[in-house]
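Inspection log for the structure reproduced underneath, given as structure tokens.
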């Protein structure tokens, strides 16, 4: 589903990852992080996709940089990030961007 975001400016955090073959607890942790993120002040939405090759891209949208930093420092999120480094990901990259323009189309 495409996230419904407000008119710019706002921020996007792009998390690109490669998964390992190890999966215990991943789905539950991912669901919990989504649930928790939705409760955070400044959270605007999320879009996520993963290919059969293990490459995943998740883009979360935030109202401001302070909201992104608060999410990064959230204790439960921090614990799951460490578990990701140790177990679920062979590589990842996080990019933070300011969205200055946005365009949309929908035939629905």
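Computed from the coordinates by the stated procedures, all read-outs in this text should not be read as laboratory data. Model, not experiment: these values are computed from the prediction. All Cβ positions, glycine included, derive from the backbone under ideal geometry; neighbour counts span all protein chains shown.
Annotations
- Residue 63 meets each of the listed conditions (1) under 17 Å from residue 95 (Cβ atoms); (2) in contact with a strand residue (DSSP E or B) (Cβ under 8 Å, 6 or more places away or on another chain) apart from (1).
- Members of segment 52-77 that are farther than 16 Å from residue 34 by Cβ, without any contact (Cβ under 8 Å) to a residue 40 or more places away in the chain, under 15 Å from the mean Cα position of the chain (by Cα) and surrounded by 11 or more Cβ atoms within 10 Å (Cβ to Cβ): 55, 69, 70
- Residue pairs meeting the criteria (Cβ under 7 Å; at least 6 apart or on separate chains; first closer than 25 Å to residue 23 by Cβ, in segment 88-102; second assigned to a loop (DSSP other than H, G, I, E, B)): 88/20; 88/22; 89/20; 90/20
- Residues (over 18 Å from residue 57 (Cβ atoms) and in a helix (DSSP H, G or I)) located in segment 14-30: 28
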